[in-house]
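J.: Pasting in a structure now, in structure tokens, and then I'll have a few things to ask.
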Amino acid sequence: MSLPLVYHPNYSCPFPEDHRFVMSKFVRLHDVVKGKGLITNNLFTSVPASLKALNRVHCLDYLNSLCGNEVDAKAWRRVGLPWSQGLVDRTLTSPNGTLQAARLALKYGMASHLAGGTHHAHHDFGSGFCILNDLAYTAKTLLAQGEVERVLIFDLDVHQGDGTASILENEPNAFTCSIHCEKNFPFRKSQSDLDIGLDIGMKDQAYLDVVESTLTQLLNKFEPDLVLYDAGVDVWQNDALGKLDISWQGIRSRDELVLETCLQRHVPVATVIGGGYDKDHQRLAERHAIVIESAYDLFDKFLD
């Protein structure tokens, strides 16, 4: 089998086309990947998570309020998305997609989720277009069920993974690392196990040097059984919410570097797509496809 991919058609629910968050990017990403011939017998469909399962990382009152459209208006504005039943359905499904990708990575060595990376969601509130935290949910679930002993969350979204850091603050067997643009959202940051705040305008080589040295150090010291890799493409130089100066090729080099480093050490790695913001929705989907293409090629090289 080729690289395992996880997806669900409800990821792109009906949504305002002019919204800053591009809800159509998930189905567009699926179609880009399919168009490149990367989907054969390797596509797995995620299923909705129960509120009981999600309660491992999220407050039950918050979960019930979310499902019933009863979240306080001020708190919901912090999310920044218009509530709909379709949004709830996809929100309950995506965390299990990341969990499924992680389990496939543990089985096959690597897997990719065509969504995920909602790292701004906290225990009892959503923020920054993130409602539930798939990364924290996956880490806590795998640890609680004894499927892994140590998980590294390697977050390269341009924004700090504040919700992930907060939820996993007291979980010693989940190491949270966020490499992000320091002067960017969220402006009140949580404390990850390792935070590296980058200067505005950082370019490719300096960025890649930081990524490589940090990942190598963490793999050596923490020795994770699994890496959850948040491959945010909002580091791109023309991203609407970015502030770094990373080229398209720089993103590809980053993804290849992260994945190959893990595979060379026989550490399973599951990828999620993280953030990306672009008025050109098709171009955004193609940018998100970079990590899938990189993983697909490396899967054939190392694991097939």
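Each reported figure results from applying straightforward, stated rules to the coordinates on display, with no laboratory input. Nothing here was measured: the structure is a model prediction, and the numbers come from that model. Heads up, the Cβs are rebuilt from the backbone with ideal geometry, glycines too, and the neighbour counts pull from every protein chain shown.
J.: If you count, for each residue, the other Cβ atoms within 10 Å and average over each peptide, how do 56-62, 118-124 line up from highest to lowest?
T.: Result, highest mean Cβ count within 10 Å first: 118-124, 56-62.
J.: A follow-up question, please. Can you tell me which lysines have their Cα less than 18 Å from the Cα of K279? Leave out same-chain residues fewer than eight positions away.
T.: Reachable lysines: K25, K243.
J.: Still on this structure, I have one more. State the extension gain, in nm to one decimal, for the chain segment bounded by D209 and C59, taking 0.36 nm per residue of separation less the distance between their alpha-carbons. Mind dumping the intermediate values first?
T.: Details: separation 150, 0.36 × 150 = 54.00 nm, distance 3.86 nm.
50.1 nm is the gain from fully extending D209 to C59.
J.: Order of K25, K140 from fewest to most other C-beta atoms within 10 Å?
T.: Least crowded to most crowded, the residues run K140, K25.
J.: Sort 9-17, 109-117 for me by packing, meaning the mean count of neighbouring Cβ atoms within 10 Å per residue, highest on top.
T.: Those peptides, ordered most packed to least, come out 109-117, 9-17.
J.: Moving on to the next point. For the stretch 81-225, what is Rg from Cα atoms divided by 2.2 N^0.38 Å, rounded to two decimals? Walk me through the numbers before you get to the answer.
T.: Values: Rg = 15.3 Å, N = 145, 2.2 N^0.38 = 14.6 Å.
That ratio works out to 1.05.
J.: Once R0 is set to 30 Å, what does the formula 1/(1 + (r/R0)^6) return for the Cβ-Cβ distance between K107 and D72, expressed as a FRET efficiency to the nearest 0.05?
T.: About 0.15, to the nearest 0.05.
J.: Can you give the Rg to Rh ratio for the stretch 145-233, taking only C-alpha atoms and Rh from Kirkwood?
T.: Radius of gyration relative to Kirkwood radius: 0.97.
J.: Assign one of three labels to the stretch 104-180, namely rounded, prolate or oblate, based on the Cα gyration tensor with a ≥ b ≥ c the square roots of its eigenvalues; rounded applies when a/c is under 1.5, prolate when it is not and a/b is larger than b/c, and oblate otherwise.
T.: prolate
J.: Let me ask something else about it. Bin width 10 Å, origin at 0, all Cα-Cα pairs of the stretch 13-60: what percent of pairs per bin?
T.: The distribution over the stretch 13-60 is 20, 28, 37, 14, 1, given as percents.
J.: Placing +1 on the Cβ of each Lys and Arg and -1 on the Cβ of each Asp and Glu in the chain, which of N96, N69, V258 has its Cα farthest towards the positive end of the resulting dipole?
T.: Projecting each Cα onto the dipole axis, the largest value belongs to N69.
J.: Moving to a separate point now. Give a residue-ordered list of calculated ³J(HN,Hα) values for the stretch 253-266 (Karplus: 6.51 cos²θ - 1.76 cosθ + 1.60, θ = phi - 60°; whole Hz; x for Gly, Pro).
T.: 5, 4, 5, 4, 4, 4, 5, 5, 4, 5, 5, 4, 9, 6
J.: Right, here's the next one. Which residue, N238, G116, L143, has the largest displacement toward the positive end of the dipole of the stretch 5-302 when charges sit on each Cβ (Lys, Arg +1; Asp, Glu -1)?
T.: Result: G116.
J.: Here is a further query. Would you list, by chain and number, the lysines whose Cα falls below 25 Å from the Cα of K52, excluding same-chain residues fewer than 8 positions away?
T.: Once the sequence-local lysines are set aside, what remains near K52 is K140.
J.: Would you mind checking which residues have amide H under 5 Å from L198's amide H? H placed 1.01 Å from N; only 5 or more apart, or other chain.
T.: Here H180, C181, E182 satisfy the definition.
J.: Right, here's the next one. Under 19 Å Cα to Cα from K301, which lysines show up? Leave out anything in the same chain fewer than 8 places away.
T.: Filter leaves K36, K107.
J.: What are the ³J(HN,Hα) couplings of the stretch 89-100, residue after residue, when phi is run through the Karplus curve with 6.51, -1.76, 1.60 and θ = phi - 60°? Round to Hz, x for glycine and proline.
T.: After applying 6.51 cos²θ - 1.76 cosθ + 1.60, I find 4, 6, 5, 6, 8, 4, x, 5, x, 5, 4, 5 Hz.
J.: Just rank V47, V211, fewest to most, by other beta-carbon atoms within 10 angstrom.
T.: So the residues, fewest neighbours to most, are V47, V211.
J.: Applying the Karplus parametrisation 6.51 cos²θ - 1.76 cosθ + 1.60 with θ = phi - 60° to the phi angles of the stretch 239-252, what ³J(HN,Hα) value in whole Hz is obtained for each residue in order, glycine and proline being reported as x?
T.: Computed from phi, the couplings for the stretch 239-252 are 5, 5, 10, x, 4, 9, 10, 9, 6, 4, 5, x, 5, 4 Hz.
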